[in-house]
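S.K.: Below is a structure I'd like to ask you about.
The values are calculated or read from the model by the stated rules, or taken from the named source; none is laboratory data. Bear in mind the structure is a predicted one, so any value in this text is a computation, not a measurement. Cβ sites come from the backbone with ideal geometry, for glycine too, and all protein chains shown count toward neighbours.
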Amino acid sequence: MTVSKKAIAGIVGGIVIATVIAYFSLSHTDTSDSVSIIFQGHVTDVIDGDTIEVEHIRIRLSLTSTPELNEKGGVEAKEFTANLCPLGSSARVVVDGGQLEDQFGRTVAKVYCDEILLNSELLERGLASIDKRFCSTSEFASEDWAKRYGCTQTVQTKENKQTSSMDFR
């Protein structure tokens, strides 16, 4: 069995991201610190309207909820996501420092495809709704797109913001 260089790079990239997320979630318990983890990679799968994989890392869109595939509008939302972020295309992921992972272990983030914010586009097109349960914890809740679609709770701003960027292209 031969493994391509791309597959190895994806696996190594996934391990690096998982390590960085684990490090920051374990070592940054001081609530005055906010960490932004940003990485660039290729779309490797579109699971549904609000969940994609970038370099085989499963990403759940922050604050954005589309219908499930078996619900009305679910297939349409997935198709929209797949068209905006086609397999192999470049995506920039900004991990939500307020909620690094969801209950299923997916990385929670904003995703930009072709410099278009997928989270906001789904909301704009009426294919998603804002998930208000996380407005009080998401670092993105105070951004214009989130407020426009229903995040009205204020999120405490955090000082000493650190940024970590990676490119897996």
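S.K.: State which residue is farthest from Phe140 (Cα to Cα) when the search covers only the range 60-74 and only residues that are among the aliphatic types (A, V, I, L, M) and surrounded by 24 or more Cβ atoms within 10 Å (Cβ to Cβ).
M.R.: By that ranking, first place goes to Leu61.
S.K.: Taking the conditions exactly as written (over 10 Å from the mean Cα position of the chain (by Cα), touching a residue at least 40 places away in the same chain (Cβ under 8 Å), under 14 Å from Asp50 (Cβ atoms) and in a loop (DSSP other than H, G, I, E, B)), does Leu127 satisfy them or not?
M.R.: yes
S.K.: Restricting to the range 94-125, and then to whatever is of a type in the set (Gly, Ala, Ser) and on the phi < 0 side of the Ramachandran plot, can you tell me which residue is surrounded by the most Cβ atoms within 10 Å (Cβ to Cβ)?
M.R.: Ala109
S.K.: A follow-up question, please. Which of (1) modelled with pLDDT of 95 or more; (2) touching a Gly at 6+ places or on another chain (Cβ under 8 Å) is the odd one out, the single condition Phe168 does not satisfy?
M.R.: Here Phe168 clears every test but (1).
S.K.: In the list Ala91, Ala82, Ala77, Ala128, which residue meets the criterion of being crowded, with 20+ Cβ neighbours inside 10 Å, farther than 20 Å from Gly150 by Cβ and not hydroxyl-bearing (Ser, Thr, Tyr)?
M.R.: Sole residue among the options that is crowded, with 20+ Cβ neighbours inside 10 Å, farther than 20 Å from Gly150 by Cβ and not hydroxyl-bearing (Ser, Thr, Tyr): Ala91.
S.K.: Now for a separate question. What residue, among those in the range 50-99 that are in contact (Cβ under 8 Å) with a residue 60 or more places away in the chain and touching a Phe, Trp or Tyr at 6+ places or on another chain (Cβ under 7 Å), is farthest from Asn119 (Cα to Cα)?
M.R.: Of everything passing the filter in the range 50-99, Glu55 is farthest from Asn119 (Cα to Cα).
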